[in-house]
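Working notes, structure below.
The values are calculated or read from the model by the stated rules, or taken from the named source; none is laboratory data. Just so it is clear, the model here is predicted, and its values are computed rather than measured. Positions of Cβ are generated from backbone atoms using ideal geometry, with glycine treated the same way; all protein chains shown enter the neighbour counts. All accessible areas refer to the heavy atoms of the entire protein, side chains included, with ligands and DNA or RNA removed. Shrake-Rupley method; radii C 1.70, N 1.55, O 1.52, S 1.80 Å.
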Amino acid sequence: MAFLEIDELTVRLPQGRAARPILDGVSLRVGEGESVGLVGESGSGKSVACRSVLGLLPEGAAVSGAVRVGGRDVLGMRRAELRSLRAREVAMVFQDPRASVNPMRRVGDFLTEGLRAAGTAPAVAARRAVELLEAVGIRDPEGAMRRYPHHFSGGMLQRVVIAAALAGEPSLLLADEPTTALDVTTQAEVIAILTRLQAERGTGMLFVTHDLELAAAVCDRVYVMYAGRIVETQTAAGLFARPRHPYTAGLLASTPRLDPDAGPPKPIPGRPVSLAEAPTGCAFAARCAQVRPECLVEPPALVRADDAYAACFRVDEGIVT
Amino acid sequence: MTGSVTRTSGTTGDKGADAVDATLEVVDLCKAFGGHRAVDGVSFTLAPGGSLGIVGESGCGKTTTARMLVGLVSPDSGSIRVGGRERSAPTRNRAERLARAREMQMVFQDPYLSLDPRVVVRECVEEVLRLHFDLTREQRTARVVELLDQVGLGEREASALPKALSGGQRQRVAIARALAAEPKVLILDEAVAALDVSIQAQILDLLAGIRRDAGVGFLFVSHDLAVVRHITEDVVVLRGGRVVEAGPTVDVLTEPRHTYTRLLLDSVPRVGWDPARIAADRRALEREAGGSSGD
Amino acid sequence: MSTLRIDREAADGAIVRRPGFGLLRALRQGPLFAGAAAVLVLLVLIAVFAPLIAPYDPDAVDLTATLAGSSSEHLLGADQSGRDILSRVIHGARTGLLGPLLVVGISTFLGIAIGVAAAWRGGWIDAMLSRSMDLIFAFPGMLVAILFVAVFGSGLTAPVIAMSVAYTPYVGRLVRSIAGQEKARPYIESYRVQGWSGWTICVRHLIPNITPTVLAQSAINFGYALMDLAALSYLGFGVQPPDSDWGSMINEGQAALLQDAMLPSFAPGLCIVVAVVAFGIVGEGIADRVAKRER
């Protein structure tokens with residue numbers, strides 16, 4: 001049994017605020033120590049799916065399906081259980097480190113507050129925090145404990161956030177675009193730290209990003225989302241070698257590449273489905289080069305094709321790009 | 001037309017005649033904020049109708065450079081010339097202001113903040129025409145339709161307010177608006193960075209077409225090497241306000257000479273990417289530069 | 001009563017809300033907002049159609065009715081001179097609303113002009129204008145008003161001018177800070193790059209975009225101005241008898257209190273309270289809506 005299991009999760013905003021569900025029958029698994037990518041463009045629902053693991057859902061939303069962490073259903077949890085889930089089992093790293101750290105408090109307080117709240121003695125918590133800062137590559141960790149967030153650059157602060165996330169020794173780390181706000185060289189460094197610590201500690205990771213290349217570089221397995229649905233899932237290598245869904249293929253083709261012989265990026269025509277639109281068939285049909293009449297009737301289910309799964313009626317035919 | 005980074009693109013015909021007049025030359029540009037030297041002796045040349053990338057990480061001075069070029073920031077020293085006309089000093093009168101605006105226009109990064117929320121798309125483009133050209137109402141209307149059509153926007157978008165448009169559509173409006181002044185050089189300051197990948201490719205495609213058809217020169221400011229690789233012919237790599245490497249994009253990106261350029265290239269995520277090695281290289285480079293800032 | 005208690009803590013950019021109105025804030029949304037807005041509309045209608053609504057000439061003296069209580073002839077009774085209080089209260093709404101309207105109108109206009117000029121030009125112009133506004137903050141508006149009355153004579157004009165001056169910095173400071181933020185937005189910068197003059201950009205784009213926030217502040221100011229002007233006429237520095245005015249009516253009615261007649265001072269007092277509370281609720285409500293929209 002996987003540590004994180006999301007089953008047929010459907011999230012609908014209250015009437016009038018959206019025409020289609022933000023999440024529509026999303027199922028995904030993250031095993032112990034596994035790192036899994038969740039890739040999609042803005043509005044695909046990837047962040048909503050990620051937050052649901054902590055029991056954070058949009059206000060007033062109608063929810064069906066299940067989110068299980070370690071076999072326990074998160075959506076049915078009471079407040080105290082949710083708190084202990086967030087403190088001990090699942091930690092989250094957000095996109096903007098500046099927005100997720102209280103600017104008025106010292107880094108040391110930020111790092112130890114979770115531990116102290118869980119009953120660790122202050123001295124022990126402080127020692128642990130110093131170890132963590134050292135582990136994420138911050139020079140002079142003792143000094144760093146006494147400093148304020150504005151003394152740190154974005155990349156350094158994101159390391160502090162990662163240290164804080166790992167402080168409670170969680171079994172699962174949720175990383176929501178953790179490096180999007182950072183420079184490329186800083187991104188590489190933060191990813192290096194994140195993947196090393198995750199591997200050392202056997203922490204599972206759900207890595208949410210818009211960057212297919214980054215997801216493939218970091219993760220074992222990747223889910224691709226489009227308009228609130230999972231459209232494809234397979235191993236990172238398989239995704240590049242043989243994408244099964246036209247959207248994945250389109251996304252790969254539209255990513256500009258550095259290789260000397262790479263052609264110019266090929267755009268996907270049209271634009272993503274907004275929350276105000278509710279296409280009857282496959283949400284990607286309007287942009288798809290291989291659309292067939294049945295695509296417009298009902299959305300295709302996720303079907304198996306060798307080692308991969310894709311939600312496309314033409315999955316067996318292969319993709320012609 | 002001096003320096004290693006000038007190479008003309010295939011602009012022909014009557015565009016070629018005034019193309020001679022449209023070389024952008026930047027020499028020894030400097031700007032300090034407080035004690036911090038944001039831009040420190042930057043020089044480059046953009047041939048008429050050419051495409052030059054300025055790449056670097058945040059704080060490298062690329063955005064300050066772009067803002068100095070369009071006159072939003074005044075340089076401490078150095079010169080900016082388009083077709084030999086100096087434009088680094090503040091404008092003195094309306095005629096000069098308009099003449100400079102027709103030399104260079106800019107597209108900003110954030111499509112959600114770069115359009116007046118109260119002005120409909122058609123009006124947004126039309127007001128530029130009113131300011132710069134002496135056209136009749138019919139001519140103006142026709143030109144607006146033409147410009148919007150050029151960026152792939154139709155009648156429905158033309159009468160919409162920005163809030164009704166997606167990020168990609170807004171960026172198209174911003175491009176149409178910049179083109180309305182018929183500038184010789186278009187500065188694109190991270191113009192595709194805020195867009196989704198599939199939309200980003202559309203805009204890059206659009207920009208390539210515009211350069212081909214309109215013969216406008218591009219100054220493409222970006223942190224994204226892969227994007228720069230596809231849209232520029234020459235590139236300048238900035239670090240800490242200084243040019244560390246310059247040359248034809250293909251050469252610089254395939255055989256980088258400076259270790260920093262190599263680090264930037266290695267940092268781009270791809271299959272077989274080794275973040276741990278990049279991190280080590282980065283620390284080595286910082287030690288070499290005597291940098292102690294950490295990031 | 002102190003006229004200007006400046007909340008130094010109130011950061012630049014926040015709408016200045018006078019302490020003591022905090023309670024109103026809790027009641028500002030929902031049916032109460034609608035109710036308060038209805039009260040204001042009613043007040044305006046009463047003021048406009050005062051001569052048609054009022055049962056008597058407000059200045060008509062009827063000594064047989066001196067200090068008459070509430071009756072079918074005089075709904076709110078009559079004052080010492082036998083003038084109908086209801087009619088006087090109705091006519092009092094005219095000066096009661098006209099005064100603050102002028103104050104708010106003039107101070108909003110001046111505040112926008114000064115605030116935008118300071119934010120747009122920066123440098124020494126900003127320093128000079130900002131220091132001038134601080135200087136005005138230093139003088140209690142009431143004292144200035146009394147001084148003006150002493151110099152220019154009583155009536156509505158002198159207090160309105162003095163209060164307009166006193167209220168200008170409230171608007172000016174707010175405008176300066178939000179205009180400063182707005183100026184840095186790419187859409188304003190893109191107009192500069194297009195070659196528009198600063199004047200045109202401010203008038204056509206910057207000011208319209210900050211107007212909702214400024215109007216929210218002005219609506220709040222309206223209630224304060226009404227109270228301050230009423231206080232001035234209560235003290236005898238405003239509208240002079242026999243013209244009906246709520247503030248001076250309270251003053252005149254004070255003597256009647258000794259003769260156990262409540263209505264001559266109570267009725268205008270209640271009007272002031274109702275008007276100020278209604279403006280407070282509506283102003284806070286608008287401010288909240290603007291804040292929500294901006295988020």
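Points worth noting:
- Heavy-atom accessible area per residue - chain A, 1.4 Å, Å²: 43 Å²
- Here the 3J(HN,Hα) profile of the range A:253-262, calculated from phi with Karplus coefficients 6.51, -1.76 and 1.60 at θ = phi - 60°, is 5, 8, 7, x, 10, 8, 3, x, 9, 6 Hz, Gly and Pro shown as x.
- When Rg and the Kirkwood Rh are both derived from Cα coordinates, the Rg/Rh ratio for the range C:66-176 amounts to 1.23.
- Accessible area, probe 1.4 Å, largest first, for residues B:GLU190, C:GLU73: C:GLU73, B:GLU190
- Near the amide H of B:GLU245, within less than 5 Å, lie the amide hydrogens of B:VAL237, all on another chain or at least 5 residues away, with H placed in the peptide plane.
- Largest-first ordering by accessible area, 1.4 Å probe, given options A:CYS219, C:CYS271: C:CYS271, A:CYS219
- Look at the stretch B:217-224: the mean tally of other chain Cβ atoms within 10 Å of its residues' Cβ atoms is 1.
- The value of relative contact order for chain A, using C-alpha pairs under 8 Å at least six residues apart, is 21 percent.
- For peptide B:104-114, the mean count of partner chain Cβ atoms within 10 Å of a residue's Cβ comes to 4.
- For the range B:13-257, a simple Cβ point-charge model (Lys and Arg +1, Asp and Glu -1, everything else neutral) yields a dipole of about 640 debye relative to the Cα centre.
- Close amide H partners of A:VAL231, meaning residues 5 or more places away or on another chain with modelled amide H under 5 Å apart, are A:VAL224, A:MET225, A:TYR226.
- Shielding by partners for peptide A:259-272, expressed as the average number of C-beta atoms from other protein chains within 10 Å of each residue's C-beta, is 5.
- GNM top mover of C:ALA36, C:ALA78, C:ALA150 - chain C, alpha-carbon springs below 10 Å: C:ALA150
- Full-extension gain in nm, B:ARG262 to B:HIS36, via 0.36 nm per residue minus C-alpha separation: 78.8 nm
- Table column - 3J(HN,Hα) (Hz), the range B:142-149, Karplus curve with 6.51, -1.76, 1.60, x for Gly and Pro: 5, 5, 4, 4, 4, 5, 5, 5
- For B:PHE218, the amide hydrogen comes within under 5 Å of the amide hydrogens of B:GLY50, B:SER51, B:LEU52, B:LEU186, counting only partners 5 or more places away or on other chains and with H modelled in the peptide plane.
- Local net charge near A:ARG68, Cβ-Cβ under 9 Å (Lys/Arg +1, Asp/Glu -1): -2
- Calculated diffusion of the range B:119-232, Stokes-Einstein form, Kirkwood radius summed over Cα pairs, 20 °C and 1.002 mPa s, µm²/s: 147 µm²/s
- Hypothetical label at A:ALA199: residues of the range A:234-255 whose amide nitrogen lies under 17 Å (7 Å Cα-Cβ projection): A:236-237
- With a Förster radius of 51 Å applied to the C-beta separation of A:ASP73 and B:ARG118, the computed FRET efficiency comes to 0.60.
- Rounded to the nearest 10 Å², the accessible area of B:ASP251 at probe 1.4 Å: 80 Å²
- As a ratio to 2.2 N^0.38 Å, the alpha-carbon radius of gyration computed for the range A:225-321 takes the value 1.08.
- Sum of side-chain charges, A:GLU200 neighbourhood, beta-carbon under 15 Å (Lys, Arg +1; Asp, Glu -1): -3
- Per residue solvent-accessible surface (Å²) - the range C:86-294, probe of 1.4 Å: 39 Å²
- Its relative contact order, with pairs defined as Cα atoms under 8 Å and 6+ residues apart, puts the range C:86-294 at 27 percent.
- Against chain C, whose longest principal axis comes from its Cα atoms, helix C:246-258 is set at around 40 degrees.
- Magnitude of the charge dipole for chain A, about its Cα centre and with charges confined to Cβ atoms of Lys, Arg (+1) and Asp, Glu (-1), is about 860 debye.
- Solvent-accessible area lost in complex, 10 Å² minimum, residues of the range A:30-63 relative to chain alone, 1.4 Å: A:GLU41, A:SER42
- Per-residue accessible area (protein heavy atoms, 1.4 Å probe) orders B:LEU115, C:LEU98 as C:LEU98, B:LEU115, starting from the largest.
- Farthest toward the positive end of the dipole of the protein assembly as shown, out of A:LEU239, B:ALA142, C:ALA150, is the Cα of C:ALA150, where the dipole comes from beta carbon charges about the Cα centre.
- Two-decimal log10 I(q)/I(0) for the range C:180-295, as the Debye equation yields it once each C-alpha is a single scatterer, q = 0.09, 0.19, 0.23 Å⁻¹: -0.45, -0.95, -1.15
- The simple Förster model, with R0 at 56 Å and r as the Cβ-Cβ distance, assigns A:VAL124 and C:LEU147 a FRET efficiency of 0.25.
- Counting every alpha-carbon pair across the protein assembly as shown, the share separated by more than 46 Å comes to 42%.
- When only Cα pairs below 8 angstrom with a gap of at least 6 residues are kept, the range B:13-257 shows a relative contact order of 29 percent.
- Heavy atoms of C:MET262: accessible area, 1.4 Å probe, square angstrom to 10: 120 Å²
- The range A:125-132 - phi-based ³J(HN,Hα) in whole Hz, Karplus 6.51/-1.76/1.60, Gly and Pro as x: 4, 5, 5, 5, 5, 4, 4, 5
- About its Cα centre, the range B:136-180 has a charge dipole of approximately 200 debye under the convention of +1 per Lys or Arg Cβ and -1 per Asp or Glu Cβ, with nothing else charged.
- Summary of packing: across the peptides C:195-202, B:271-278, C:114-121, the per-residue average of other C-beta atoms within 10 Å ranks them, highest first, as C:114-121, C:195-202, B:271-278.
- Solvent-accessible surface (1.4 angstrom probe) belonging to A:THR179, in square angstrom, nearest 10: 0 Å²
- Pairwise label distance in nanometres, A:SER42 with C:TRP124, each label 7 Å out on the Cα-Cβ vector: 4.4 nm
- Note on B:GLU286 and C:PHE109: with the Förster distance fixed at 51 Å, the Cβ-Cβ geometry gives a FRET efficiency of about 0.35.
- Between C and B, accessible area buried - total, square angstrom, nearest 100, 1.4 angstrom probe: 1800 Å²
- Fraction of accessible area attributable to carbon and sulfur, the protein assembly as shown (%, probe 1.4 Å): 56 percent
- Once the Cα atoms are used to define both axes, helix A:184-201 deviates from the longest principal axis of chain A by about 80 degrees.
- With both labels modelled 7 Å from their Cα along Cα-to-Cβ, the C:GLN240 to B:ALA99 distance reads 6.3 nm.
- Fraction of antiparallel bridges per DSSP, the protein assembly as shown only, in percent to nearest 5: 55 percent
- Normalised by residue number, the volume inside the convex hull of the Cα atoms of chain A is 143 Å³ per residue.
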